[in-house]
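K.L.:
Sharing a structure, written as structure tokens. Questions coming.
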Amino acid sequence: MAQIGRAFMEKYSVPGMSVSISRNGKFVYEHQWGMADKKDAQLVQPISLFRIASVTKPLTSVAIFTLIEKGRLNLNDKVFGPSGVLGTKYGKAPYRQYVTDVTVDHLLTHTSGGWPNDSTDPMFRFDSWDHAKLISWTLESLPLTSPPGQNWAYSNFGYCLLGRVIEEVTGQPYADYVQENILAGCGIRDMRIAGNKLDQRAPREVEYYGQYSEDPYKMNVTRMDSHGGWLATPSDLVIFLDHVAGALNIPSLLKPQTIKIMTTPSPAYPPSSPGKYARGWMVRNNGAGNWWHNGSLPGSTTIMVRTSTGFSWAALTNTRTEPSDEIGGALDQMVWDMVHQVPSWAA
């Protein structure tokens, strides 16, 4: 297993990596490779924190579903306009076409009708702006291109909006709500929202290394809070995974009927794909199979997986290569190759 990790790191020039795996709610493998900080020759430790990038999205989805279970929010609630959760707090009413039709569910399923993760993605623009200014500008300047619910397009901005929905409903900062209502109950105490600059590193946080002239410290990661902003160890993420639907002697964060809804794919997702996006998770077999989410930012390649055979795992690195899809797919395959080294696990 360690050799498989080393081979991956050599192929993709990865300075540091950390992996945690549990089976039936108990840790069965944890390993760290390489450097957390090359300059100071610090090795990656079990407690080293990494930016998790879009592995954040399942956390935000679970937070939304806790509010739905409490009766404080509904999937069909409108987000903007006089009857919306956020009302007219952002931008100028009257809003552009389709904006007041967007619901919480459209944001969860990436079917808002626009705001995709491409060169127009507002989350990677205007780094000095706060959420309010960025959201207002986006509503006024980036029109939705189709009616909500019809087309699937991965949207970081949509999950940024879900963070603001959580804040509006709870009256708490997004991170505080997640820490108090999800992470604390799992016994996770070190997760936090990342800083942007090298001198804003959290205690025990790794340093990130760009490749192909990418700069991991030239973006507003703090502002990505609810779509890509968390720091975690892999073991934190495994503990979270084991609590979402429960495991042996571990209570579930959510009710079975809630989990069914959360892991049911969006009808708008391409039907030919074996894995489909549900609500904050990629899933197989309509949620009865594996669930997962990967993450990718300059300086970060990450993945978190929960299998239908009782495994949970996470793998975090402190670099990214181009094309990013290649290293992301290889990181996913790497952990599968690791667990298949133990035939009795039947992963």
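The values are calculated or read from the model by the stated rules, or taken from the named source; none is laboratory data. None of these values were measured; they are calculated from a predicted model. All Cβ positions, even for glycine, are placed from backbone atoms using ideal geometry, and neighbour counts span all protein chains on display. Just so you know, the surface numbers come from the protein's heavy atoms only, side chains and all, with ligands and any DNA or RNA stripped out. Shrake-Rupley method; radii C 1.70, N 1.55, O 1.52, S 1.80 Å.
K.L.:
Return the distance in nm (one decimal) between the two label points of a simple spin-label model at ASN285 and LYS11, each offset 7 Å from Cα along Cα→Cβ.
P.N.:
The two pseudo-label positions are separated by 2.7 nm.
K.L.:
Could you tell me which of rounded, prolate or oblate describes the range 37-151, using a ≥ b ≥ c as the square roots of the eigenvalues of the alpha-carbon gyration tensor, with rounded for a/c under 1.5 and, failing that, prolate when a/b is larger than b/c and oblate otherwise?
P.N.:
It comes out prolate by the Cα gyration axes.
K.L.:
How much of the calculated P(r) for the chain lies past 25 Å, in percent of all Cα pairs?
P.N.:
50 percent
K.L.:
For the chain, what does -39500 (n - 2.57) per DSSP helix run (n ≥ 4), summed and divided by total residues, give at 222 nm, in deg cm²/dmol to the nearest 500?
P.N.:
Helix-only estimate at 222 nm: -8500 deg cm²/dmol.
K.L.:
Taking Cα pairs under 8 Å and at least six residues apart, what relative contact order does the range 278-338 come out at, in percent?
P.N.:
25 percent
K.L.:
Let me ask something else. So, counting K/R as plus one and D/E as minus one, what does the shell of residues with Cβ under 14 Å around THR264 add up to?
P.N.:
So the environment of THR264 carries a net charge of +3.
K.L.:
Using a cut-off of 16 Å between alpha-carbon atoms, which lysines can reach LYS260, once sequence neighbours fewer than 8 places away in the same chain are excluded?
P.N.:
Candidates past the 8-residue exclusion: LYS276.
K.L.:
Shifting gears a bit: Could you tell me the relative contact order of the chain? Use alpha-carbon pairs under 8 Å, at least six residues apart, and round to a whole percent.
P.N.:
Reported relative contact order: 24 percent.
K.L.:
Rounded, prolate or oblate for the range 108-172? Axes are the square roots of the Cα gyration tensor eigenvalues, ordered a ≥ b ≥ c, and the cut-off for rounded is a/c under 1.5.
P.N.:
Oblate is the answer for the range 108-172, as a/c is 1.5 or above yet b/c matches or exceeds a/b.
K.L.:
Also, quick follow-up: Take the cross-link list LYS92/LYS218; LYS70/LYS255; LYS89/LYS133; LYS57/LYS133 and give me the ones stretching past 19 Å between alpha-carbons.
P.N.:
As for pairs spanning more than 19 Å Cα to Cα, those are LYS92/LYS218; LYS57/LYS133.
K.L.:
With a 1.4 Å probe and every protein chain kept in, tell me what percent of the accessible surface of the range 224-287 is carbon plus sulfur.
P.N.:
58 percent
K.L.:
Which whole-number percentage describes the relative contact order of the range 32-177, with Cα contacts under 8 Å and a sequence gap of 6 or more?
P.N.:
Over the range 32-177, the number comes to 24 percent.
K.L.:
Determine the sum of side-chain charges near GLU168: Lys and Arg each +1, Asp and Glu each -1, restricted to other residues whose C-beta is under 11 angstrom from that of GLU168.
P.N.:
Its environment carries a net charge of +1.
K.L.:
Classify the range 119-256 as rounded, prolate or oblate from the Cα gyration tensor: take a ≥ b ≥ c as the square roots of its eigenvalues, call it rounded if a/c is under 1.5, otherwise prolate when a/b beats b/c and oblate if not.
P.N.:
The shape class here is oblate.
K.L.:
Normalized C-alpha radius of gyration of the range 300-347, against 2.2 N^0.38 Å?
P.N.:
Cα-based Rg divided by the globular estimate yields 1.23.
K.L.:
Take peptides 82-89, 13-20 and line them up by average Cβ neighbours within 10 Å, highest first, as a rough protection proxy.
P.N.:
13-20, 82-89
K.L.:
Any chance you could look up the accessible area of HIS293 with a 1.4 Å probe, heavy atoms only, rounded to 10 Å²?
P.N.:
0 Å²
K.L.:
How many Å² of accessible area per residue for the range 223-347, probe 1.4 Å?
P.N.:
35 Å²
K.L.:
Using the Cα centre of the chain as the reference point, and only Cβ charges (+1 on K/R, -1 on D/E), how large is the resulting charge dipole? Debye, rounded to the nearest 20.
P.N.:
That gives the chain a dipole magnitude of about 540 debye.
K.L.:
Here's another thing I want to ask about it. Not counting the cut sites, what is the longest span of the chain without chymotrypsin sites (Phe, Trp or Tyr not before Pro) that DSSP labels loop and that have at most 14 other Cβ atoms within 10 Å?
P.N.:
With a cap of 14 other Cβ atoms within 10 Å, the longest stretch comes to 213-347.
K.L.:
Could you check the spin-label model distance between TRP336 and SER252? Points 7 Å from the Cα along Cα→Cβ, value in nm.
P.N.:
2.6 nm
K.L.:
Quick one: net charge around VAL85, please, counting Lys, Arg +1 and Asp, Glu -1 for every other residue with C-beta under 13 Å from its C-beta.
P.N.:
Once all neighbours under 13 Å are counted, the net charge is 0.
K.L.:
Further question: Return, for the Cα atoms of the range 28-86, the radius of gyration and Dmax in Å, separated by a comma.
P.N.:
Rg and Dmax of the range 28-86, Cα atoms, are 19.7, 55 Å.
K.L.:
Using each residue's phi in the range 300-317, evaluate 6.51 cos²θ - 1.76 cosθ + 1.60 at θ = phi - 60° and report the 3J(HN,Hα) Karplus result to the nearest Hz, with x for Gly and Pro.
P.N.:
Karplus-based 3J(HN,Hα) across the range 300-317 equals 9, 9, 9, 7, 9, 9, 10, 9, 6, 9, x, 9, 10, 8, 8, 9, 10, 10 Hz.
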